[in-house]
Amino acid sequence: MRTLVQLSGIAAMTLAGFAAQATDFGPLMEVAHSTWPAKTHLAVVADYSRSSGDIQALAEAAGEGSRITVLDTRSRFDIEKAHTLLTDRVRPDYLVLLPHDRLVWDGAFDATVVVNRLAYKGIPTIATTPKAMTQGAVFAIGEATGNNLLVTDQMIGTVGVILPERAKFVSRAWGSGQGVATISVVASR
């Protein structure tokens, strides 16, 4: 069942003529599930109205049994609140960086701040681009990495995180009938 927030975000994108393709999170979620099978609570810090396509693609790749908490951020002030909400209330197993969000994308200063603050609280970050590795992500895999799994040589603050083996993954269609993760949207305001 979709919430009113999800439906309004989808309607806004349709009316605006938003035709961007969603990111393929299949390889990322495949590595995350095989590395951390017991970790099923993901977090995303993003402007939900503009990134709902990527968030839905992430939910499809994460599959049934996983849950995604989206900290809806519309300004830099919201990002500071999102960090506090993540560490104090949400307590996800890990954060997923979206490559194309308006404020917290791979390579953005705000993303670096969020990733580092969460790492010091023991919450690792994963992503789909090589840029995220310089920001403190523990691993990245996706089209931008050529589906090569990039694994950090040095973790920042995150303790006790098992890292996957470096490997090359063959891109394949994901969403093999395993359902869709539950999405909860929390305003960071």
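The values are calculated or read from the model by the stated rules, or taken from the named source; none is laboratory data. All values derive from a computational prediction rather than experimental measurement. Neighbour counts run over all protein chains shown; Cβ positions are idealised from the backbone, glycine included. Surface accessibility is based on the protein's heavy atoms, side chains included, excluding ligands, DNA and RNA. Shrake-Rupley method; radii C 1.70, N 1.55, O 1.52, S 1.80 Å.
Summary of values
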| item | result |
| --- | --- |
| Any hit, the range 98-118, residues being within 18 Å of residue 186 (Cα to Cα) and among the polar types (S, T, N, Q) | no |
| Residues located in the range 49-69, provided they are open to solvent by 10 Å² or more (accessible area, probe 1.4 Å) and part of a helix (DSSP H, G or I) | 49, 50, 53, 54, 56, 57, 60 |
| Residue 179 being of a type outside the set (A, V, I, L, M, F, W, C), modelled with pLDDT under 85 and either within 16 Å of residue 62 (Cβ to Cβ) or in a loop (DSSP other than H, G, I, E, B) (or both) | no |
| Residue list for the range 35-48, filter: in a strand (DSSP E or B) and surrounded by fewer than 20 Cβ atoms within 10 Å (Cβ to Cβ) | 41 |
| Those residues of the range 118-131 which are small (Gly, Ala, Ser), modelled with pLDDT under 95 and open to solvent by less than 20 Å² (accessible area, probe 1.4 Å), in sequence order | 119 |
| Residue within the range 71-82 that is touching a residue at least 60 places away in the same chain (Cβ under 8 Å), closer than 19 Å to residue 182 by Cα and not in a loop (DSSP other than H, G, I, E, B) present | yes |
| Every residue from the range 93-117 that is assigned to a loop (DSSP other than H, G, I, E, B) and open to solvent by less than 10 Å² (accessible area, probe 1.4 Å) | 97, 101, 104, 106, 108 |
| Qualifying residue in the range 36-46 (condition: more than 19 Å from residue 138 (Cα to Cα) and modelled with pLDDT of 95 or more) | yes |
| Count of the range 80-92 residues which are open to solvent by less than 50 Å² (accessible area, probe 1.4 Å) and under 16 Å from residue 119 (Cβ atoms) | 6 |
| Subset of the range 83-92 (residues that are aliphatic (A, V, I, L, M) and either over 14 Å from the mean Cα position of the chain (by Cα) or assigned to a strand (DSSP E or B) (or both)) | 85, 90 |
